[in-house]
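Here is the structure we will look at.
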Amino acid sequence: MEKKNIDWENIGFGYMETDKRYVANYKDGKWDGGALIDDANITMNECAGVLQYAQTIFEGLKAYTTEDGRIVTFRPDLNAARMADSAKRLEMPVFPEERFVEAVVETVKANAAYVPPYGSGATLYIRPYMFGMNPVIGVKPADEYQFRVFTTPVGPYFKGGAKPITICVSDFDRAAPHGTGHIKAGLNYAMSLHAIVTAHANGFDENMYLDSATRTKVEETGGANFIFVTKDNKIVTPHSETILPSITRRSIMYVAEHYLGLEVEERDVYFDEVKDFAECGLCGTAAVISPVGKVVDHGEEICFPSGMEKMGPVTQKLYETLTGIQMGRIKAPEDWIKVIG
């Protein structure tokens, strides 16, 4: 298929409307058959559950053109399972996991002309999401829902290389124990907006959230999990029931252990020990790994030995290995890559 006439190497990380999107509706206790449609706009009642009580969940993943010219996506089954968990927590009907993967495949196929070419640094971002549609004025779950998938080509998260960022310890809490921090609900991101705008206004790239119960343990940022590298090259990631179970983080930990032969550990990470790590990174779909060069705690700086000029050596190797798997340069573990076309 002929690609769209887009300056792939210079597009930003933003929304660009593509030709088709997938839509399925839940009504009277069941999902309809779903279909690809042309219209990017949504019409709903002014009292829709999503507008009144933020009953919405979403996922994010990408499609890539591999070195041998195939279009693939990365571990969509895990996105399907995570969305099912999110739906259960917000009293929404689960969109069947096998249908989730099929919807992703259909939507990417229908927009294949927007999948950036290999080597451009760009990818096709895929956004599955679900929300309450019917009028709800009392505080209760909606009765009708819509599940949708749209795609948009996005440029590389970093322009000119992955320069280490500076983050601050936030005065705000991201999630409470027994709350919704472990699911991908829109409400979690809404509450983080003031915190990230505040961080940016103070000259920082991101927030480091501590646990809300004791404010002694590292949790995550507003949209990414942490990974740390010890001085003897062990990979450590925080364990918490209130952080989002990142698919990228899970994949990085597997790659570290099984591809690079590194020791890995998921455990409580106390803020007091952050100063002792050799490297730090944020991991997520958008950038895979964003290196952190400095953490600032109310004026006190923690500077990682890896520095502010480039990724640390272990983080770099993790990044290269995982992106190599995604792009087809390195053989993937079984079932990690879903071939679309």
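The values are calculated or read from the model by the stated rules, or taken from the named source; none is laboratory data. None of the values given here were measured: they were computed from a predicted structure. Glycine gets a Cβ as well: all are built from the backbone with ideal geometry, and neighbour counts include every protein chain shown. Ligands, DNA and RNA are stripped out before the accessible areas are found, and what is left, the full protein with its side chains, is counted by its heavy atoms. Shrake-Rupley method; radii C 1.70, N 1.55, O 1.52, S 1.80 Å.
What the table below lists for this structure:
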quantity	calculated
Cleavage-rule hits, trypsin sites (Lys or Arg not before Pro), the stretch 136-229, DSSP coil, Cβ neighbours within 10 Å at most 16	159, 215
Segment residue 172-residue 232, extension gain: residue separation times 0.36 nm, minus the distance between their alpha carbons	18.3 nm
Of the DSSP H helices in the chain, those whose Cα atoms cover at least 15 Å axially and whose Kyte score averages -0.5 or more	97-110, 186-201, 247-258, 313-326
Gyration tensor verdict on the stretch 60-100 (Cα atoms; rounded if a/c is under 1.5, prolate if a/b is larger than b/c, oblate otherwise)	prolate
DSSP-assigned coil residues among GluC sites (Glu not before Pro) in the stretch 305-341, each with at most 13 further Cβ atoms within 10 Å	309, 334
Accessible area in the full protein assembly, largest first, 1.4 Å probe, for 260, 322	260, 322
Contour minus Cα-Cα distance for residue 202 and residue 323 (0.36 nm per residue)	40.3 nm
Part-to-part distance (alpha-carbon centres) for the stretch 232-247 and the stretch 1-61, which is given in Å	31
Lysines with Cα under 23 Å of residue 231, excluding same-chain neighbours fewer than 8 positions away	163, 217, 275, 294, 310, 317
Helix-only [θ]222 nm of the chain, DSSP H runs n ≥ 4, -39500 (n - 2.57) each, per residue, nearest 500	-7000 deg cm²/dmol
Contact order relative to length of the stretch 60-136, as percent, for alpha carbon pairs under 8 angstrom and 6 or more apart	40
For residue 246, solvent-accessible area (1.4 Å; no DNA, RNA or ligand), Å²	10
Placed amide H near residue 217: partners under 5 Å, 5+ positions off or other chain	211, 271
Between the stretch 264-301 and the stretch 69-126, the Cα center-to-center distance that results, in Å	29
Proximal lysines to residue 88, defined as alpha-carbon separation beneath 16 angstrom and excluding residues fewer than eight positions away on the same chain	30, 140, 184
Accessible surface of residue 47 - all protein chains present, 1.4 Å probe, nearest 10 Å²	30
Probe 1.4 Å, accessible area per residue of the chain, Å²	45
